[in-house]
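Mind having a look at this structure? Questions to follow.
The values are calculated or read from the model by the stated rules, or taken from the named source; none is laboratory data. This structure is a prediction, so every number in the text was calculated from the model and none was measured. Neighbour counts are summed over all protein chains in view; Cβ atoms, including those assigned to glycine, are modelled from backbone coordinates with ideal geometry. Note: areas computed on protein heavy atoms with side chains; ligands, DNA, RNA excluded. Shrake-Rupley method; radii C 1.70, N 1.55, O 1.52, S 1.80 Å.
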Amino acid sequence: MIWRFVVRRAAMLAATALVASVAVYGALFVSPGDPATLLVGGGKPPSERLLADIHRQYHLDDPFLRGYWRWLTALFHGDLGQSLSYRDSVAHLVGDRLGNTLFLVAFAAVLIIGAGVALGTLAALRGGWGETAVTVVTTTLMAVPTFVMSVLLIWGFSVRWGLFPAYGSGSGFAGRLEHLTLPALALAATWLAYVAQVTRSAVRAELASEHVQTARGRGIPERLVVRKHVLRNASAPIFSVSGVAVAGLIAGCAIVEQAFGINGIGALLVQSAAKQDLAVVQALALISVVLFVGVNTVVDVVSALLDRRTPLEASA
Amino acid sequence: MHAPRLTVICVTTLATALTLASCSSSGPTAAKNAIDLTTTTPAAGGTVDHVTWNLPMGEPTTLDPAKVGDYSPSTVASNLCDPLIRLKPDYSTAPGLATSWQRPDPKTLVLNLRRGVRFWDGSPMTAADVVASLERQRVPATQSVNVQVLANVTTIKATEDHQVTVRFRTPDSLFLKYLVNGFGAVGKASYMKKAGASYGTARGGLMCTGPFKLTKWRSGDSITAVRNTAYWDRSLRPKVKELTFRFITDNGTLTSALMSGQIDGSYEIPSTSAKALRGSKEGRLYYGPSAQTVFLGATSPTSPMADRRIADALSLVLDRDALVKNVFDGAAQRQKTFIPSLVWKSSEAKDVYAKGYAALPAVPGPDAAKAKKLVDEAAPKRRTLTIATAAGDQQSLQTLTFLQAATKKIGLKVVIRQLQPTQMSGLFFNPALRKGLDATIALGYVEIPDPLSYADMMTDPKSPMNWTNYRNNKVTSHIRAAKATTDPQRAAREFTEAQALYAKDFPIVPIACPYERLFLNKRLSGVPASFAYINMPWAARIGGTGRGSS
């Protein structure tokens, strides 16, 4: 049962990736501009011959289908192609940067799930002023766009107080932790607030439910009631919204990486799209789609396991 | 995002701190502007372990001097690879790897090379390396941006161990001046041959004689160089042990990184960051004379702006003082022509150029009535002008918005079209990408200390940059004569005669000459503040001031 579900999701993933790759390739294909001129940009006007040479070398004049086919078949041989602007293999470029992006996303995910769930649970259990405070803070956080949050964090924590570096990705675990704290906060803020709010209402709903009332009536200690009955039952919606949040981070990375000067695949995507560096954009679009759909699939499967009431067929 | 460099040359004889005489002659503005121009920052003292520098235009695509012709790659490569002739902060020239040169006849140039110069690996530089460095730029596989410079060259030969002789089809006054940039940079012949197409990339590396050695290039992250302790020019042996370049293109991030001291300095500080950085305690913002120029050019013969009267009308409604104040944050100079005067201010024939410049009509003040009259007189078929700018280029967008508002008064409508970087860079060379456009705003700079290359590129009927099919035979013949003579006085005279003519009928609107903006952490000093940095080993001059931490 679960395997059939997983296989079907994998097939969907492949289909989505294929459609996305055609769309991305097509969009860059029809957009005006000549990437070769950017490559030789500046200085003197390049000779026709030089441009023609670059066009031939990177197959820039291929018709759409031939170009796309060339890319697809190379992909099956494990070749992501050559970057036009970096004059390097795409696999190498992505490999260099993927670690930073994954670290950033994982860091933000921990913040979102850890802090979001903790805040939401606390607000729901405590009630009163605590709840009001959490609601006000999270509502504010949800309203602040990621790039504004980035600017605020940089201004406060690195320029004013000098607590964290203003840019860069750092090296090693400790270096990355230090450099990526502010970016992860900026990336996590909106989703953290969202998860906190969902958690709060889910926990509230469980607290008011009949089985919790019954458990309390039976004199089961409050600590156990909260853990065994409230949190366990609230975990499915919390997990599924957290999953959506983490998948959403992949898309949000580009903004934060640009703002904090992080050498990740989000920033690479933005820069390469501007330069019409087809091979890089293609590869990154594909990776994003696979990651996005992959995370969603894992979330669906785990949610289904957490809550046996969710029918697997319907969620597929 | 900047438009492609149009290789303009703006040279000035600026000794040290000169106030505003750089880019043009508008006296009244000079009085109003309180900006002091500095050619160079105060001389530096002690050794510094590490300097982190930013390249605000992004990561270079290559450091191969043969392919370098843009802000970022030039800023790095000029510290790594020495050219045959060196550019000085005042835009004058001095001997580099060539100590002297003679012209035994008008079609021959003999370069005498410096002795005792060694590459980073310790091997001596010889005439063979110079020949190889120049010759490889003719080979299409090198993809050099300097192919045109070699078009008139017949042979390049090593005539002695330390002597190279270049022969030309016709006399060529510009060749020698092109030697100041990547075109004249010398690499080790055997290394270049072995590296092939990867020379100058993260993988292939470089082998030059410059004050810094390229050690590491982590693509997307940083470029690192360490000092060459055996550098031939003892006065320029670097005080910085390690130099790291970063590629922050976001204005806000750059400002924060400079203000928190994480980045030590940067050239080409954007005007939006300048406001915040001026008040920084972490370092100082310097303004220097520049060879950069911003202008509006017609992009097709059918553009209403191809009629000089429309170009004049646009020029007449533009309030340049307000523009300089609001868009350029005061750090720009009005100018009479599209070639900044820094280009020739240090020339041997500077008096001739200066006289020619003085004779040009003054920059017009805003005069809507006169502009309207010109538009009525020209009676263009279309009254809508579509003007291109690079998406994200705030400075150009603001300038065009100014123009848009002003032209309403004279019955013209300006439509601003923001283009993606590849489309913007492509339109300079591909007529198909200029379709539907009437004009473009451009930021260019003149790399070599001679105004001729730029005037020629714009006005020659055969030039790919002559988009309006401009043709004035007298202009062309004066420019040809200037290129063919090796007498600087005569070349200057021919140029100024051409300039006097095209100043009247060539459809272009010079807007302003932006100053160079340099931010430097207070712990450092010594670097030039002039735009000449782009082609000189500027980082070899950095040293400590003994102030500041980090």
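Using only atoms on other chains, find how many Cβ atoms lie within 10 Å of each Cβ of peptide B:245-258 and report the average.
Taking the mean over all residues of the peptide, I get 6.
By a straight-distance test (C-alpha under 14 Å), which aspartates and glutamates pair with B:Lys275 as possible cross-link partners, with residues fewer than eight away in the same chain excluded?
By straight Cα distance, B:Lys275 reaches B:Asp329.
Take the alpha carbon atoms of the stretch A:183-252, find their center, do the same for the stretch B:146-203, and report the distance between the two centers in whole angstrom.
Each part reduced to its Cα centre gives a spacing of 69 Å.
Set Lys and Arg Cβ to +1 and Asp and Glu Cβ to -1, take the dipole of chain B about its Cα centre, and tell me which of B:Pro461, B:Gly210, B:Ala359 lies farthest positive.
B:Pro461
Can you compute the charge dipole magnitude of the stretch A:1-108 about its Cα centre, using +1 on each Lys and Arg Cβ and -1 on each Asp and Glu Cβ, nothing else charged? Give it in debye, rounded to the nearest 20.
I would put it at about 400 debye.
Let me ask something additional. When a/c reaches 1.5 or more, the comparison of a/b and b/c decides; with that in mind, is chain B rounded, prolate or oblate per its Cα gyration tensor? Please report the intermediate quantities before stating the final value.
On the way: a/c = 1.75, a/b = 1.28, b/c = 1.37.
It comes out oblate by the Cα gyration axes.
Next question. I need to check one value: relative contact order of chain B, counting alpha carbon pairs closer than 8 Å and at least 6 residues apart, in percent. Each step should come with its number before you reach the end.
Details: 1327 pairs, mean separation 149.4, N = 550.
For chain B, the relative contact order is 27 percent.
Using a 1.4 angstrom probe, figure out how much accessible area chain B has per residue, in square angstrom, rounded to the nearest whole.
Working: 19240 Å² over 550 residues.
Spelled out: the 1.4 Å probe surface of chain B, per residue, equals 35 Å².
Using protein chains only (no ligands, no nucleic acids) and a 1.4 Å probe, work out which residues of the stretch A:138-166 have their accessible area cut by at least 10 Å² relative to the chain alone.
Residues meeting the cut-off: A:Ile154, A:Trp155, A:Ser158, A:Val159, A:Pro165, A:Ala166.
Around B:Val48, which amide H atoms from residues at least 5 apart in sequence, or from another chain, sit under 5 Å from its own amide H, with H modelled in the peptide plane?
Counting only residues 5 or more places away or on other chains, the set is B:Val240, B:Lys241, B:Gly544.
Now a separate question. Please work out whether chain A counts as rounded, prolate or oblate from its C-alpha gyration tensor, where a ≥ b ≥ c are the square roots of the eigenvalues and a/c under 1.5 means rounded, while otherwise a/b larger than b/c means prolate and anything else oblate? Don't skip to the answer; put the middle values down first.
Working: a/c = 3.28, a/b = 1.74, b/c = 1.89.
Note, shape of chain A comes out oblate.
What translational diffusion coefficient, to the nearest whole µm²/s, does the stretch B:369-481 have by Stokes-Einstein, given a Kirkwood radius computed over alpha-carbon pairs, a temperature of 37 °C and 0.692 mPa s viscosity? Display every interim value, and only then the final one.
On the way: Rh = 16.1 Å.
It diffuses with D of about 204 µm²/s by this estimate.
Give the long-range amide H neighbours of B:Leu113: residues separated by 5 or more places, or on another chain, with amide H under 5 Å away, using H modelled in the peptide plane at 1.01 Å from N.
Answer set, sorted by chain and number: B:Thr99, B:Gln163, B:Val164.
The stretch B:187-204: which residues show an accessible-area loss of 10 Å² or more, assembly versus chain alone, 1.4 Å probe?
B:Thr201, B:Arg203
Taking the Cα centre of the protein assembly as shown as origin, sum charge times position over the Cβ atoms of Lys and Arg (+1) and Asp and Glu (-1), and report the length of that vector in debye to the nearest 20.
Numbers: 91 positive and 60 negative charges, 73 e Å.
Rounded to the nearest 20 debye, it is 360 debye.
Oh, and also: Excluding ligands, DNA and RNA, what is the solvent-accessible area per residue of the stretch A:170-209 at a probe of 1.4 Å, expressed in Å²?
Values: 1550 Å² over 40 residues.
Value returned for the stretch A:170-209: 39 Å² of accessible area per residue.
Right, something else. Under 13 Å Cα to Cα from B:Lys474, which aspartates and glutamates show up? Leave out anything in the same chain fewer than 8 places away.
Within the straight-line limit of under 13 Å, B:Lys474 reaches these aspartates and glutamates: B:Asp456, B:Asp460, B:Glu494, B:Glu497, B:Asp505.
Now for a separate question. How many Å² of accessible surface get buried when A and B come together, counting both sides, probe radius 1.4 Å, rounded to the nearest 100?
So the total buried area for this chain pair works out to about 3600 Å².
Here is a further query. Would you mind checking B:Lys157/B:Lys336; B:Lys355/B:Lys435; B:Lys216/B:Lys522; B:Lys325/B:Lys435 for any pair whose Cα atoms are more than 31 angstrom apart?
Values: B:Lys157/B:Lys336 43 Å; B:Lys355/B:Lys435 39 Å; B:Lys216/B:Lys522 27 Å; B:Lys325/B:Lys435 33 Å.
Pairs exceeding 31 Å: B:Lys157/B:Lys336; B:Lys355/B:Lys435; B:Lys325/B:Lys435.
Then there's this: Report the charge-dipole magnitude of chain A in Debye, nearest 20, computed about the Cα centre from +1 at each Lys and Arg Cβ and -1 at each Asp and Glu Cβ.
Working: 24 positive and 18 negative charges, 205 e Å.
The dipole of chain A has a size of about 980 debye.
Ignore the peptide's own chain and count Cβ atoms of other chains within 10 Å of each Cβ in B:445-451; give me the average, rounded. The partial results should precede the final answer.
On the way: counts 2, 0, 3, 0, 0, 0, 0.
Across the residues of B:445-451, the mean count of other-chain Cβ atoms within 10 Å is 1.
How many angstrom separate the Cα center of the stretch B:506-538 from the Cα center of the stretch B:76-120?
With the stretch B:506-538 and the stretch B:76-120 each reduced to a Cα centre, they are spaced 22 Å.
If you don't mind, there's one more thing I want to ask. Among A:Lys275/B:Lys188; A:Lys275/B:Lys241; B:Lys381/B:Lys413, which pairs are too far apart, with a Cα-Cα distance over 24 Å?
Details: A:Lys275/B:Lys188 32 Å; A:Lys275/B:Lys241 34 Å; B:Lys381/B:Lys413 13 Å.
Check vs 24 Å cut-off fails for A:Lys275/B:Lys188; A:Lys275/B:Lys241.
Where in chain B are the helices, taken as whole DSSP H runs, whose Cα atoms extend 18 angstrom or more along the long axis and whose Kyte-Doolittle mean reaches at least 0.0? Display every interim value, and only then the final one.
Details: long enough: B:394-407 (20 Å, 0.06); B:488-505 (26 Å, -1.02).
Long hydrophobic helices here: B:394-407.
Can you work out the FRET efficiency for the pair A:Ala251 and B:Lys370, with r the C-beta to C-beta distance and R0 = 51 Å, to the nearest 0.05?
Values: r = 54 Å, r/R0 = 1.05.
So, using R0 = 51 Å, E works out to roughly 0.40.
Rounded, prolate or oblate: pick one for the protein assembly as shown, where a ≥ b ≥ c are the square roots of the eigenvalues of its C-alpha gyration tensor, a/c under 1.5 means rounded, and failing that, prolate if a/b is larger than b/c, else oblate.
Details: a/c = 1.93, a/b = 1.76, b/c = 1.10.
Since a/c reaches 1.5 and a/b is larger than b/c, the shape of the protein assembly as shown is classed as prolate.
Quick one: ranking A:His211, B:His478 by accessible area, 1.4 Å probe, largest first, what do you get? Kindly include the intermediate steps, with their values, before the conclusion.
On the way: A:His211 70, B:His478 40 Å².
Sorted by accessible area, descending: A:His211, B:His478.
Give me the inter-chain shielding for B:216-223: mean count of other chain Cβ atoms within 10 Å, whole number please. Present the calculation step by step, with values, prior to reporting the outcome.
On the way: counts 0, 0, 3, 10, 14, 9, 2, 0.
Mean inter-chain Cβ contacts per residue within 10 Å come to 5.
Ignoring ligands, DNA and RNA, please state the percent of accessible area on the protein assembly as shown from carbon and sulfur, probe 1.4 Å. Mind showing how you got there, number by number?
Details: 20230 of 34360 Å².
Looking at the protein assembly as shown in its full context, I get 59 percent from C and S.
Measure off 7 Å from each Cα along the Cα-to-Cβ vector at A:Ile220 and A:Ala106, then give the distance between these two points in nanometres to one decimal.
In this crude spin-label approximation the distance works out to 3.6 nm.
Mean residue ellipticity at 222 nm from the helices of the protein assembly as shown, using -39,500 (n - 2.57) per DSSP H segment of n ≥ 4 over the full residue count, to the nearest 500 deg cm²/dmol?
Values: 30 runs with 377 residues, N = 866.
So the calculated ellipticity at 222 nm is -13500 deg cm²/dmol.
Just flag the trypsin sites (Lys or Arg not before Pro) in the stretch A:189-284 sitting in loop per DSSP whose Cβ has no more than 13 other Cβ atoms within 10 Å. Can you show the working numbers first?
Numbers: sites: A:Arg200, A:Arg204, A:Arg216, A:Arg218, A:Arg223, A:Arg227, A:Lys228, A:Arg232, A:Lys275; in loops: A:Arg218, A:Lys275.
When the trypsin sites (Lys or Arg not before Pro) of the stretch A:189-284 are filtered for loop state and at most 13 Cβ neighbours within 10 Å, A:Arg218 remain.
Select from the stretch A:210-316 those chymotrypsin sites (Phe, Trp or Tyr not before Pro) which occupy a DSSP coil region and have at most 10 other Cβ atoms within 10 Å, ordered by residue number. List each step's numbers first, then the result.
Details: sites: A:Phe239, A:Phe260, A:Phe292; in loops: A:Phe260.
Nothing satisfies the criteria.
What do the square roots of 5 times the Cα gyration tensor eigenvalues come to for the stretch B:258-328, in whole Å, largest first, as semi-axes of the equivalent ellipsoid?
Details: eigenvalues 273, 36, 17 Å².
In descending order the semi-axes read 37, 13, 9 Å.
A further question follows. Can you tell me the FRET efficiency between A:Ala205 and B:Lys216 if r is taken as the Cβ-Cβ distance and R0 is 56 Å, rounded to the nearest 0.05? Walk me through the intermediate numbers first.
Numbers: r = 56 Å, r/R0 = 1.00.
Working from the Cβ atoms, E equals 0.50.
Taking Cα atoms, how many degrees apart are the long axis of helix A:90-110 and the longest axis of chain A, rounded to 10 and kept between 0 and 90?
So the inclination is approximately 20 degrees.
Follow-up. Quickly work out the B:Lys193-to-A:Phe76 label distance, labels modelled 7 Å from Cα along the C-beta direction, and quote it in nm with one decimal.
4.4 nm
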